[in-house]
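Here the structure is laid out as structure tokens; the discussion comes afterwards.
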């Protein structure tokens with residue numbers, strides 16, 4: 001690919017930030033060259049400057065969104081960083097279940113779910129370790145800004161290398177069907193999960209109704225790419241939809257921008273957050 005001017009990279013960084021609030025460092029401009037190749041091909045272009053020219057010449061929200069999605073990091077795996085799942089299974093979820101014994105409903109949100117492994121991990125954990133919840137209602141919501149990865153999550157179809165990352169062999173046998181070289185999530189797991197495209201940094205969160213409260217929210221390794229004002233706004237919204245006794249998991253290197261809203265709890269080498277209530 002021919003040399004691209006610094007001003008064109010800067011335009012693309014600003015475009016991505018405007019759509020997704022994803023802060024891209026100039027030292028990683030080279031990623032545009034590889035990640036936008038498919039878009040160039042679909043636009044019958046060969047050079048990045050052609051794409052920038054088109055974006056500048058006429059407002060095109062769909063194309064802008066496509067560029068922002070292409071620059072999104074979609075790293076995930078089944079039971080990624082096992083400690084939050086172990087803590088949830090052994091200590092936290094039994095207490096939430098006891099508190100919901102009359103309501104008999106649990107709601108989870110895997111925010112920035114990528115290709116869905118985190119949400120499916122939660123579903124498999126519930127089926128495997130909490131048979132006493134038969135008859136309860138479950139809602140495991142997965143959202144991501146990228147349409148392509150949401151389609152993959154909805155399909156529940158994974159390559160062998162994805163299956164081999166973090167998934168116990170007995171889970172593969174019990175909760176997946178072998179399809180050629182791939183594996184597909186069985187219906188009993190898929191029916192617990194709902195996936196849809198959503199921008200965490202949009203005008204409002206994808207869940208903002210009174211009935212949208214969640215018991216557990218996974219918002220892991222997402223805010224690394226946001227600036228402080230964006231983190232503050234996002235976590236204020238998360239606070240509103242998390243139950244007063246709910247649990248928030250962030251990435252191991254992340255913490256809330258506004259600790260006045262959250263109580264950190266460190267146990268078993270894992271930190272989670274409880275929402276503070278107004279005094």
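The values are calculated or read from the model by the stated rules, or taken from the named source; none is laboratory data. All figures in this text were calculated on a predicted structure; none of them were measured in a lab. Reconstructed Cβ throughout: ideal geometry from the backbone, glycine too, with neighbour counts over all protein chains shown.
Tell me whether segment 99-118 contains one or more residues that are assigned to a helix (DSSP H, G or I), buried (at least 17 other Cβ atoms within 10 Å of the Cβ) and touching a strand residue (DSSP E or B) at 6+ places or on another chain (Cβ under 8 Å). Talk me through it step by step, then tell me what you get.
Just the residues of segment 99-118 that are assigned to a helix (DSSP H, G or I), to begin with: 99, 117-118.
Now drop any that are not buried (at least 17 other Cβ atoms within 10 Å of the Cβ), which leaves 117-118.
Cutting the leftovers down to touching a strand residue (DSSP E or B) at 6+ places or on another chain (Cβ under 8 Å) gives us 117-118.
Yes; the residues of segment 99-118 include at least one that is assigned to a helix (DSSP H, G or I), buried (at least 17 other Cβ atoms within 10 Å of the Cβ) and touching a strand residue (DSSP E or B) at 6+ places or on another chain (Cβ under 8 Å).
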Check your understanding: Is it true that some residue in segment 177-184 is assigned to a loop (DSSP other than H, G, I, E, B) and over 13 Å from the mean Cα position of the chain (by Cα)?
Key -> yes
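If we scan segment 45-54, do we find a residue that is surrounded by fewer than 11 Cβ atoms within 10 Å (Cβ to Cβ) and either in contact with a helix residue (DSSP H, G or I) (Cβ under 9 Å, 6 or more places away or on another chain) or outside any loop (DSSP other than H, G, I, E, B) (or both)? Let's see the steps before the verdict.
Narrowing segment 45-54 to residues surrounded by fewer than 11 Cβ atoms within 10 Å (Cβ to Cβ): none.
No, the conditions are met nowhere in segment 45-54.
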Exercise for review: With the condition kept exactly as written, say whether any residue in segment 85-94 is loosely packed, with under 15 Cβ neighbours inside 10 Å, out of contact with any helix residue (DSSP H, G or I) (no Cβ under 9 Å at 6 or more places or on another chain) and either assigned to a loop (DSSP other than H, G, I, E, B) or not assigned by TED's automatic domain parsing to the domain that holds residue 120 (or both).
Suggested key: no
Practice item. Looking at (1) out of contact with any helix residue (DSSP H, G or I) (no Cβ under 6 Å at 6 or more places or on another chain); (2) modelled with pLDDT of 95 or more, find the lone condition where residue 108 falls short. Key: (1)
Exercise for review: Check residue 10 against each of (1) under 25 Å from the mean Cα position of the chain (by Cα); (2) without any contact (Cβ under 8 Å) to a residue 24 or more places away in the chain and name the one condition it does not meet.
Suggested key: (1)
Check your understanding: Can you name the condition, by its number, that residue 158 falls short on among (1) out of contact with any helix residue (DSSP H, G or I) (no Cβ under 6 Å at 6 or more places or on another chain); (2) assigned to a helix (DSSP H, G or I); (3) surrounded by 16 or more Cβ atoms within 10 Å (Cβ to Cβ)?
Key -> (2)
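Quick grid of which residues meet (1) modelled with pLDDT of 95 or more; (2) farther than 29 Å from residue 62 by Cβ; (3) touching a helix residue (DSSP H, G or I) at 6+ places or on another chain (Cβ under 6 Å):
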site: 133; (1), (2), (3): no, yes, no
site: 147; (1), (2), (3): no, no, no
site: 175; (1), (2), (3): yes, yes, yes
site: 187; (1), (2), (3): yes, yes, no
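Does segment 161-176 hold any residues that are in a helix (DSSP H, G or I) and either within 18 Å of the chain's Cα centre (by Cα) or without any contact (Cβ under 8 Å) to a residue 40 or more places away in the chain (or both), and which are they?
Taking segment 161-176 and keeping what is in a helix (DSSP H, G or I), we get 161-163, 169-175.
Those that are in a helix (DSSP H, G or I) and either within 18 Å of the chain's Cα centre (by Cα) or without any contact (Cβ under 8 Å) to a residue 40 or more places away in the chain (or both): 161, 162, 169, 170, 172, 173.
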Exercise for review: Just give me the residues in segment 231-260 being touching a helix residue (DSSP H, G or I) at 6+ places or on another chain (Cβ under 8 Å) and part of a helix (DSSP H, G or I), in sequence order.
Suggested key: 231, 234, 235, 236, 239, 241
